[in-house]
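Bear in mind that the values in this text are calculations on the coordinates, not laboratory data. Keep in mind it's a predicted model, so treat the numbers as computed, not measured. Cβ placement follows ideal geometry from the backbone for every residue including glycine, while neighbour counts extend to all protein chains displayed.
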Amino acid sequence: MLGAMQDWELRVSLLIDHAAREHGSREIVTSWADGSETRTDWSGIRRDALKMVQALQRLGIGKGDRVATLAMNHSRHLVTWYGATGAGGVLHTINPRLFDDQLDYIANHAEDRILIYDAAFQPIVDRMRDRWTTIEHYVCFDAADHAPAFEDWIGAEDGDADWVQGSERDPCMLCYTSGTTGHPKGVLFEHRSNMLHTYAALMPQCLDLDARASVLPVVPMFHANNWGFPWAAAAVGAKLVYCSSNAAETLCRLIRQEDVNYVAGVPTVWLSLLQHVDATGQEMPPITKALTGGSAMPRAIIERLMASGIRIAHAWGMTETSPIATIAFEPANFDSLSFDEQVTIKARQGTALFGVELRTVDLDDPAKVLPRDGKSAGALQVRGPWVIKRYFKADKDATDAEQWFDTGDVALLHPDGTLQLTDRTKDVIKSGGEWISSVELENAAVAHPAVAEAAAIGVYHPKWDERPILVVVRKPGMAVTGEELLGLLAQKVAKWWLPDAVEFVDEIPHTGTGKISKKDLRDQFRTYRLAE
Ligand code: ADP
């Protein structure tokens, strides 16, 4: 027997219909790379997305076809999220910061049929065009010499169309993980997984979005489902403010100008915002809510933001988890805790969002599930309806028989369920057979006021196999010595964890999504030799 409720497939087009109907005049603002600004609203996004459906159909692109974008954050990119998925297609957001070989691999692997790109990425298109064998059509988001301009392309249509219908289990988006080893892997989101993720993310203890929110998602739209903002903001009619640049000066100006009260960005974005505020002597922009994730958020930044009255949500997740899986929000006793204790809660990765289950297993014996004792670090596994089952075109599942997906992260779970990440499996430093947490060393180092960024990596050691070294970028015009930093770390970590050396550099390499690239850093220090 089936239940007796209505037949509605949970498809993302429902979100844009709702946004246009109930919050049609809520604005979507874009600040473009050339400094100009444009404004549209949720009904404008819907109208243009329907035109895009017609334009795609005119090219014979429809159900299941991959529609790729190579673009920064802007309203036209948002139109493609709803246009490609509304045409029954699969939106493939390509990360323009990938290397040529990765760009070659993923566009061909995805079998993209059309690419819509920012004029700023014309050099990439020119370089890759011959290597991308499946792309039949090119459209440029800006006015361009080399391809039809997006506005003209959809402008030729009248928008009198319907969304393509189908199953909620149909795919709607494809995002490749940056692939620190081997080829990038495609995560194929479906309408239903995105819808369920949206419902969960909207909870007050998660994104806490409502119609009063004016959101600046600094996280790129090509990264990890854009943390779900294009979907969640539509569900509640939040205003979206897009900026093609990540320059702190531009972000601060936009925040004030557009009454932005909600900013979402990786820790490096927060770091540069705070540095800009300090360097220019201005007050903290009037943000009330902040979402961060993607890599560990240094405690010092959390303290700064909380002291400025900002309610900070620290999430953990990955492309494979759509991406939000856990979130650090306020537990029942939060108000009775000291400021320091409150910061500790926000500095951890939070607890499982309803819909996601977590466990840790022994690193050497995955059959052994570890206790939630706040001590036993192990391999973090997750499962739930918006967690990956199988990578795109893979011939076997990425999960075990009980659907547990191994995240590649090393973590411990506290008795209250709080997740604390200690490393990535690949980044763990193993000295004399014992694990050292690079995250703890880095957190201790960035607490020093003169440290802009710090990364701990393992380097070869003849006796211990590997020993940690700390690579540090100083803040401009500020001084700190290696001895001072080691003195600070000695107060926080076990003696045998202390790095054998501190190296100061001008810059630490970052991945396409702004995270420290441990792999590149390890490559840079491959020939580094420690004294015995
Ligand atoms: P990649 O970085 O491989 O491109 P993702 O963007 O999906 O892929 O990143 C997921 C990874 O980022 C997680 O597995 C974890 O290592 C790291 N990460 C995400 N959120 C946090 C967080 N709040 N704290 C620490 N690390 C995080």
- Query: Checking ILE124 against (1) surrounded by 21 or more Cβ atoms within 10 Å (Cβ to Cβ); (2) on the phi < 0 side of the Ramachandran plot; (3) in contact (Cβ under 8 Å) with a residue 40 or more places away in the chain, which single condition isn't satisfied?
  - Reply: (1)
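Out of curiosity, is LEU305 buried (at least 18 other Cβ atoms within 10 Å of the Cβ) and part of a helix (DSSP H, G or I)?
yes
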- Query: Is it fair to say LEU174 is surrounded by fewer than 22 Cβ atoms within 10 Å (Cβ to Cβ), over 19 Å from THR326 (Cβ atoms), within 16 Å of the ligand (Cβ to nearest atom) and of a type in the set (A, V, I, L, M, F, W, C)?
  - Reply: no
- Task: Among what's in segment 281-298 and is under 22 Å from the mean Cα position of the chain (by Cα) and either more than 12 Å from the ligand (Cβ to nearest atom) or among the aromatic types (Phe, Trp, Tyr) (or both), pick the residue that is surrounded by the fewest Cβ atoms within 10 Å (Cβ to Cβ).
- Result: THR288
- Message: Looking at segment 510-529 only, could you name the residues that are of a type outside the set (Gly, Ala, Ser), over 14 Å from ASP427 (Cβ atoms) and either within 11 Å of the ligand (Cβ to nearest atom) or crowded, with 17+ Cβ neighbours inside 10 Å (or both)?
- Response: HIS510, THR513
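The rows are residues; the columns are (1) crowded, with 22+ Cβ neighbours inside 10 Å; (2) among the hydroxyl-bearing types (Ser, Thr, Tyr).
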| site | (1), (2) |
| --- | --- |
| HIS23 | no, no |
| ALA33 | no, no |
| THR40 | no, yes |
| GLY44 | no, no |
| ARG47 | no, no |
| MET52 | yes, no |
| LYS63 | no, no |
| ALA68 | yes, no |
| HIS74 | yes, no |
- Take THR133 and decide whether it is crowded, with 24+ Cβ neighbours inside 10 Å and β-branched (Val, Ile, Thr). no
- Item | Residue within segment 258-265 that is under 20 Å from the mean Cα position of the chain (by Cα), within 16 Å of the ligand (Cβ to nearest atom) and among the small types (Gly, Ala, Ser) present | yes
- How about segment 410-439: which of its residues are without any contact (Cβ under 8 Å) to a residue 60 or more places away in the chain, within 12 Å of the ligand (Cβ to nearest atom) and outside any loop (DSSP other than H, G, I, E, B)? VAL410, THR422, ASP423
- Wholly inside segment 166-276, strands (runs of 3 or more DSSP E) that include 3 or more residues that are over 24 Å from ALA119 (Cα atoms) and not aromatic (Phe, Trp, Tyr) are 186-190
